[in-house]
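Notes follow the structure.
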């Protein structure tokens with residue numbers, strides 16, 4: 001039996017493309033301001049903001065994902081809060097308020113009409129998220145694998161898609177609301193206070209820089 005030294009094994013792994021280094025993180029394209037803190041009946045406050053990140057998937061394609069960052073903004077130190085983040089929702093009726101809802105406006109503050117789309121791929125799960133005291137977390141809202149050739153494709157959820165062409169130099173702004181309001185019979189898996197509320201997410205300025 002041939003024995004391979006640790007050094008040689010490492011060289012072989014590197015040669016096969018597994019150098020052990022993590023992939024480069026997505027590039028941040030736009031970040032909105034932090035929202036005002038939203039406190040619940042027990043004084044636990046959470047604030048949020050929108051973050052857009054880009055990952056190149058081909059010579060003329062890149063995936064642009066929408067994230068929601070959440071931060072504990074309570075005045076005093078407390079325990080972990082539990083938030084039900086409904087990013088995988090399938091109910092898109094106006095009367096259903098849970099999860100993230102976004103709006104894109106042009107430079108004149110006029111709403112931009114979404115593009116036609118039919119999506120059947122993977123989406124982030126709707127799940128409980130634990131937010132410790134004085135902590136910040138970033139959560140993906142966008143479905144996976146949505147991109148268009150020579151354009152920026154924005155899909156905050158599976159029902160909405162905006163496409164900004166690479167030849168479009170106009171400025172846009174993406175704002176939204178994020179609502180945490182789980183049903184009474186939906187219980188978190190761990191300890192902690194269940195937070196409920198709606199966060200108004202300030203607009204993130206978007207300019208397609210791919211020319």
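Would you point out which residue out of 175, 159 is under 30 Å from residue 61 (Cβ atoms) and at pLDDT 95 or above?
Only one candidate qualifies: 175.
When region 85-113 is examined, which residues are found to be touching a strand residue (DSSP E or B) at 6+ places or on another chain (Cβ under 7 Å), modelled with pLDDT of 85 or more, assigned to a loop (DSSP other than H, G, I, E, B) and surrounded by fewer than 19 Cβ atoms within 10 Å (Cβ to Cβ)? Walk me through how you get there before you give the answer.
Within region 85-113, the subset touching a strand residue (DSSP E or B) at 6+ places or on another chain (Cβ under 7 Å) is 85-89, 97-107, 111-112.
Filter once more, so that each one left must be modelled with pLDDT of 85 or more: 85-88, 98-107, 111-112.
Then drop every residue that is not assigned to a loop (DSSP other than H, G, I, E, B), which leaves 87-88, 98, 106-107, 112.
Hits for region 85-113 are 88, 106, 107, 112.
Can you find even one residue in region 138-150 that is over 14 Å from the mean Cα position of the chain (by Cα), in a loop (DSSP other than H, G, I, E, B), exposed (fewer than 15 other Cβ atoms within 10 Å of the Cβ) and touching a residue at least 60 places away in the same chain (Cβ under 8 Å)?
So far as region 138-150 goes, yes, one or more of its residues are over 14 Å from the mean Cα position of the chain (by Cα), in a loop (DSSP other than H, G, I, E, B), exposed (fewer than 15 other Cβ atoms within 10 Å of the Cβ) and touching a residue at least 60 places away in the same chain (Cβ under 8 Å).
Listed residues 185, 200, 134; which is in a strand (DSSP E or B) and more than 14 Å from the chain's Cα centre (by Cα)? First the steps, then the outcome.
Details: 185 fails: in a strand (DSSP E or B); 134 fails: in a strand (DSSP E or B).
Sole residue among the options that is in a strand (DSSP E or B) and more than 14 Å from the chain's Cα centre (by Cα): 200.
If you take the residues in region 114-131 that are assigned to a loop (DSSP other than H, G, I, E, B) and in contact with a strand residue (DSSP E or B) (Cβ under 7 Å, 6 or more places away or on another chain), which one is modelled with the lowest pLDDT?
Looking at the filtered set, the residue picked out is 117.
Are any of the residues in region 65-73 over 27 Å from residue 152 (Cβ atoms) and surrounded by 15 or more Cβ atoms within 10 Å (Cβ to Cβ)?
Yes: one or more hits.
Between a residue in region 185-211 that is without any contact (Cβ under 8 Å) to a residue 60 or more places away in the chain and at positive phi and any residue that is in a loop (DSSP other than H, G, I, E, B) and surrounded by 13 or more Cβ atoms within 10 Å (Cβ to Cβ), which pairs come within a Cβ distance under 6 Å, given they are 6 or more apart or on different chains?
none
Collect the residues in region 69-84 that are closer than 18 Å to residue 40 by Cα and either in contact (Cβ under 8 Å) with a residue 40 or more places away in the chain or not in a loop (DSSP other than H, G, I, E, B) (or both), keeping them in residue-number order.
70, 71, 72, 74, 77, 78, 79, 80, 81, 82, 83, 84 - these are the residues of region 69-84 that are closer than 18 Å to residue 40 by Cα and either in contact (Cβ under 8 Å) with a residue 40 or more places away in the chain or not in a loop (DSSP other than H, G, I, E, B) (or both).
Out of all the residues in region 151-170, which are within 17 Å of residue 54 (Cβ to Cβ) and either in a strand (DSSP E or B) or touching a helix residue (DSSP H, G or I) at 6+ places or on another chain (Cβ under 6 Å) (or both)?
Once the filter is applied, which keeps residues that are within 17 Å of residue 54 (Cβ to Cβ) and either in a strand (DSSP E or B) or touching a helix residue (DSSP H, G or I) at 6+ places or on another chain (Cβ under 6 Å) (or both), region 151-170 yields 151, 152, 153, 154, 155, 156, 161, 162, 163, 164, 165.
The values are calculated or read from the model by the stated rules, or taken from the named source; none is laboratory data. Just so we're clear, the structure is a prediction, and the values are computed from it rather than from any experiment. With ideal geometry, Cβ positions are generated from the backbone for all residues, glycine too; neighbour counts draw on all protein chains shown.
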